[in-house]
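One structure is given below, encoded as structure tokens.
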Amino acid sequence: MRHLLSTQDLSLENAIRILDTAEEMAAVGEREVKKLPALRGRTVVNLFFEDSTRTRISFEAAAKRLSADVINFSAKGSSVSKGESLKDTAQTLEAMSADAVVIRHWASGAPAQLATSGWIDAAVINAGDGTHEHPTQALLDAFTMRRHLSRLNGTDSTGSNLVGLRVAIAGDVLHSRVARSNVWLLQTLGAEVTLVAPPTLLPVGVEHWPCAVSYDLDSVLEAGVDAIMVLRVQAERMNDSFFPSTREYSRRWGLDDARLARLDTLGMKDTIIMHPGPMNRGLEISSAAADSSRSTVLAQVRNGVSVRMAVLYLALSGDLRDPPPRLPPPRTAVDNRPNTRADETRENAR
Amino acid sequence: MSPEAAAAGASRVVMSAADIDRALTRIAHEILEANKGSKDLILLGIPRRGFPLAQRLAAKLAAADPSIKADAIVGQLDVTMFRDDLARQPTRAPERTRLPAAGIDDKVVVLVDDVLFSGRTIRAALDALVDLGRPRAVRLAVLADRGHRELPIRADHVGKNLPTASAEKVRVRLNETDAASSSWSGADEVVIEAGL
């Protein structure tokens, strides 16, 4: 793993290796001296062309816990506002001998461009590009789910996958790079994913994704889920009206107080509520749901540092070729893509 | 003999399962003697094979001194992130660090590893210990000392000194860690393989 650009091309071996390494990194956060010397003398540049709070802070904390030097760069207040191109910015960083570049960009594919163009020699880690992917967010979500699953089973999470876990991803899938990264990663790890969104907020071609699709949150809840991931309604990316009103959205696709109560009446006491943040309280998630004991929002933030430490460590230490595949794919049953459940739901919706 | 060992040429067993067991029994008694009893003793094994050796030593300590609870004095110390060759070697996945519940502050920590070679692993272990607490004293017990030190480090308790050429490889195979591998002969052993 030299670069981490997307979860779509992440093998099961590497995904589990990152999660296992993150498990060990998490132990460091509980110690008195929260620092490891592994990346001493390496330079990590946080290259942020888009606003971000938790991702940038999380990467910064992760790099610092590994003793790397961190340079923060945000497009605002830099030469980018004078019109500097990505290429020139990258070559400037190269001249300063950056060892890793963590990039968040509004354009889908910018990290891949950086990694493959030869402008820069550093390891490139995608911290969110446009509406394409956000791999470290998917990894930390998977890490959170894996810990939850192993706590329920009373087993050690190291080395395990997510086979049998039912995950519903609800909300603005169209604009969500988090949803894309999660769909690929969760399918690699063997979880069953259902996307729930209004038809206007589903991307073209979603029927080819390795997941089920539904337009009705209540029926998905009734069918049973182990984790509900609520996505943010990305108003800043919406240049069109995708739903009639926020009230209607919240009533039909939001995780409101009534649906929170339904989880209890349906007997799903171990179902967790996830949100990648920042939350629009009262729109896609109610305050009661966000603050309930099911919510893993803060655990996700905490796990984010461990997962990013693992990614930085694996990308920057030693020789990083993919290990030869040795694990069998977790889903041994017949491949059910394109998903029949999705087709049924579509029929019902018509 | 495994096909790799056969291809590499001569390979000889230098410690049998019984030799390993006797060496550990002796080391356990040496540890008690050097510490003047079992007070404040903690055994930390270095992954992977140091940890089962530490567990075996703790069982022998408990057999010699009934006041010791074997589980309560054994831990595992991962040194991966403290190595000085991280950028040169293939990436190593870190292992779990587990300390005994009592912690290591003001304790006598005995580091346990299978083979002492360059001394670099032990240097990394000493650095890792500093971040975890402040032991009263740190000692080192190894099953085999094969020489060729690159740092000023020596072991306090040695199972067997093995004169080796630097190209040779010393393999320790233990039931706990190697029973599933293709080179497992059916019992614990220490083997010297000729270098390539």
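The values are calculated or read from the model by the stated rules, or taken from the named source; none is laboratory data. All values reported here derive from a predicted model rather than from experimental measurement. Methodologically, a virtual Cβ is constructed for each residue, glycine included, from the backbone with ideal geometry; neighbour enumeration extends over all protein chains shown. Heavy atoms of the whole protein, side chains included, go into the accessibility calculation; ligands, DNA and RNA do not. Shrake-Rupley method; radii C 1.70, N 1.55, O 1.52, S 1.80 Å.
Each peptide in A:80-90, A:195-205, A:52-62, A:18-28 gets a packing score, the mean of other Cβ atoms within 10 Å over its residues, and the list from highest to lowest is A:18-28, A:52-62, A:195-205, A:80-90.
Distant-in-sequence amide contacts of residue A:282, defined by a placed amide H-H separation under 5 Å and a gap of 5 or more residues or a different chain, comprise A:287.
Computed from phi, the 3J(HN,Hα) profile of segment A:269-282 under the Karplus parametrisation 6.51, -1.76, 1.60 (θ = phi - 60°) reads 6, 9, 6, 9, 10, 10, 8, x, x, x, 8, 9, 5, x Hz, with x in place of Gly and Pro.
Each label point was placed 7 Å from the Cα along the Cα-to-Cβ direction; for residue A:153 and residue A:107 their separation is 4.4 nm. Shown for segment A:1-61: the carbon plus sulfur share of the solvent-accessible area, taken with all protein chains present and a 1.4 angstrom probe, equals 46%.
Element breakdown for segment A:135-297 at a 1.4 angstrom probe: carbon and sulfur atoms account for 49% of the accessible area. Around the amide H of residue A:213, modelled in the peptide plane, lie the amide H atoms of A:195, A:342, all under 5 Å away and 5 or more residues distant in sequence or on another chain. With a Cα cut-off of under 30 Å and a minimum spacing of 8 residues unless on different chains, the lysine pairs in chain B number 16. Counts of other chain beta carbons within 10 angstrom of each beta carbon in peptide A:18-29 average 3. Of the trypsin sites (Lys or Arg not before Pro) in segment A:133-241, not one is in a loop by DSSP (not H, G, I, E or B) with at most 14 other beta carbons within 10 Å. Ratio of Rg to Rh for segment A:135-297: 0.94 [Cα atoms; Kirkwood radius as inverse mean 1/r over pairs]. Helix B:50-64 and the long axis of chain B differ in direction by around 50°, with both axes built from C-alpha atoms. Rounded to the nearest 5, what % of the DSSP beta bridges within the protein assembly as shown are antiparallel ones? Antiparallel: roughly 15 percent of the beta bridges in the protein assembly as shown.
Our helix-only sum for chain B, with -39,500 (n - 2.57) per DSSP H run of n ≥ 4 divided by its residues, gives a mean residue ellipticity at 222 nm of -9000 deg cm²/dmol.
Angle check, please: helix B:120-132 long axis (alpha carbons) against the longest principal axis of chain B (alpha carbons), in degrees 0 to 90, nearest 10. Roughly 30 degrees between the two axes. Taken residue by residue and averaged, Cβ atoms of other chains lying within 10 Å of the Cβ of B:88-100 number 5.
Segment A:270-310 and segment B:20-86 have Cα centres lying 42 Å from one another.
Shown here for segment A:264-314: trypsin sites (Lys or Arg not before Pro) in loop regions (DSSP other than H, G, I, E, B) with at most 12 other Cβ atoms within 10 Å, namely A:269.
What quantity of accessible surface, computed with a 1.4 Å probe and excluding non-protein components, is buried in total between chains B and A, in Å² to the nearest 100?
1400
Taking the 0 to 90 degree range and rounding to the nearest ten, how far is the long axis of helix A:135-153 tilted relative to the main principal axis of chain A, both from C-alpha atoms? Roughly 60 degrees, rounded to the nearest 10.
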